[in-house]
Structure formats: structure tokens, C-alpha cells
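To start, the structure under review is shown below, and the notes come after it.
Derivation of every value follows stated rules applied to the coordinates shown; laboratory data play no part. For clarity, every value in this text was computed on a predicted model and none was experimentally measured. Note: ideal-geometry Cβ built from the backbone for every residue, glycine included; neighbour counts use all protein chains shown.
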Amino acid sequence: MKKTTYRSRTVDKKEVPEAADGKMRLNKFVAHCGICSRREAAVFVKDGKIKVNSKIELNPAYDVQPKDKIFYLDKRIFPQENKVYVVLNKPKNYITTLKDEKTRHTVLELVENHINERIYPVGRLDRNSTGVLLMTNDGDLAQKLSHPKFKVKKIYHVGLDKNLHKNDIEKILKGVMLDDGKAEVDSLDYVDNKKDEIGIEIHSGKNRIIRRIFESLGYEVKKLDRVYYAGLTKKSVPRGKFRHLTSNEIITLKHFLK
């Protein structure tokens, strides 16, 4: 049976979330399903748009019971889980999959003892890469951020095994051909005039794209640190730690993806 989370406790999706006294008014339940505000929910009930166990219920103060099934316009509705958005400064030797057959560390281990909700990484950073990683349980936002059409901006600090030649900079900016097509880069330059340290801006979400670009030209990436992702940075977030996004950051993210 599918599990989801509601506020700070895990609930079975077929159960009704309880208020402090073990009861929840119908209008509050409907509002928590995310289809309208509490005030609008009371109107929906009075207008006969809400059914309890397939029977129209006109009383907004009806106490929803644990086994009740609630319908809005004949479609069953469920309370939404509490949305959580955090930015993690990923350390090395952690992978961004949810489980690993080789029992390697996953990024979930860094947050699971601090956040009750089940959150997931958005996008990928390989085991040896570090830096900005968004984690959330907002599936709609995660899907949009991962879609190529939104061209989410990412900036990486790359450390190479040797100096990057200027001719190779030009090749990268023109786009090098990889096994899965042309790799397009938005900008690229030396960091603090160190020719083996590179700043690179890219929108592509292809797997291991940064490493593959440099490897195709005979360079080994010794360090790969994502310093910027969709407007988020790791500023004031120590390696291996995380922080919750501010309301303004969440609004900005969602506005960008409209």
C-alpha cells in the first residue's frame, strides 16, 4: 500500500490525518488536499461538491473519520504532504541514488535524521563530485527542473590534472562531439588565472557531461564542484550540511519554471 507523509508523521494514503483531538473537520480536510483554501472548502461543501463515502455531505464541520473516503466532483482526494526544499552541499563518496546494492553512502543519510519527510535529490552528481544539490519531495518541481526545455543553469568549478590549453577552450566553446551528441557549453574560463582550474557554465543534464567533455580532449578531472544550480549556491552551507530554502527562493524557483 502506498505510503506518503503528512506534516511530521508518516500516514497511510488511505487514512485520514488526525487533528490534535483525533478529529478533523471536513472543510479543513478538503483544504489540506490542495484544491482550495479553507474558506473556499466550506463553500464547496455547502454547494454539494464534496462527498463522503459516495454520499454528498453539506456540513463543513463534519468530523472526518479515519476510514472515510472523500470525493471532490466525484474524484477521490487525499491530503498533500508537507513540501520540503533543501540545498545540500554534497561531499565526496556519497551517491545520489536512493539505494545502493554496493552499500555505498547515499545523500539521504545526510538528511534523514533531521527531516521527517522523505525527500529526494534533483538531478545527479556522481560519487566523486561535490557541491550544490537540491533535495525535495515536490515531484512537479523536480520534474520541471530536470526537463531540458527549462535550460536550468549550472556552474561548476573544475580541477584538472594539467593546464587547459587555449585551443581546447575554443574547442569546448564550439562544442565537442561525444557518443551521445554535441556537448554545448555556455561559458568557460580559468579560475583566478590558474590554468588547471576552470569555471564552466552549462545547461545540459546529460550524465557525467563535464567529465566526458574534458576526457574527450585528454584531460582528467581531479575535482568537480557544483557551485550554482538554478539560482541556488552553497554559500554558508558547510560540506556535508544542508539548509532549508527560504520562501523567496522557492517562489523564484517556481516562477522561473512557469
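Key figures for this structure:
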quantity: Ordering of 129-135, 30-36 by packing [mean C-beta count within 10 Å, highest first]; calculated: 129-135, 30-36
quantity: Spin-label pair residue 46/residue 153, simplified geometry with 7 Å Cα→Cβ offset, distance in nm; calculated: 4.8 nm
quantity: Largest to smallest principal axis extent of the C-alpha atoms in region 110-211, angstrom; calculated: 50, 28, 22
quantity: For region 99-152, Kirkwood radius (reciprocal of mean inverse C-alpha pair distance, Å); calculated: 12.6 Å
quantity: All-pairs alpha carbon distance profile, region 166-258, 10 Å steps from 0, percent; calculated: 13, 40, 30, 17, 1
quantity: Compactness of the chain as Cα Rg over 2.2 N^0.38 Å, two decimals; calculated: 1.30
quantity: Above-threshold pairs, the threshold being 28 Å between Cα atoms, out of 75/149; 222/254; 102/195; 153/182; 99/195; calculated: 75/149; 222/254; 102/195; 99/195
quantity: Approximate spin-label separation residue 74-residue 252, in nm, with each point projected 7 Å along Cα-to-Cβ; calculated: 4.6 nm
quantity: Cβ-derived FRET efficiency at R0 35 Å, residue 201 paired with residue 82, nearest 0.05; calculated: 0.55
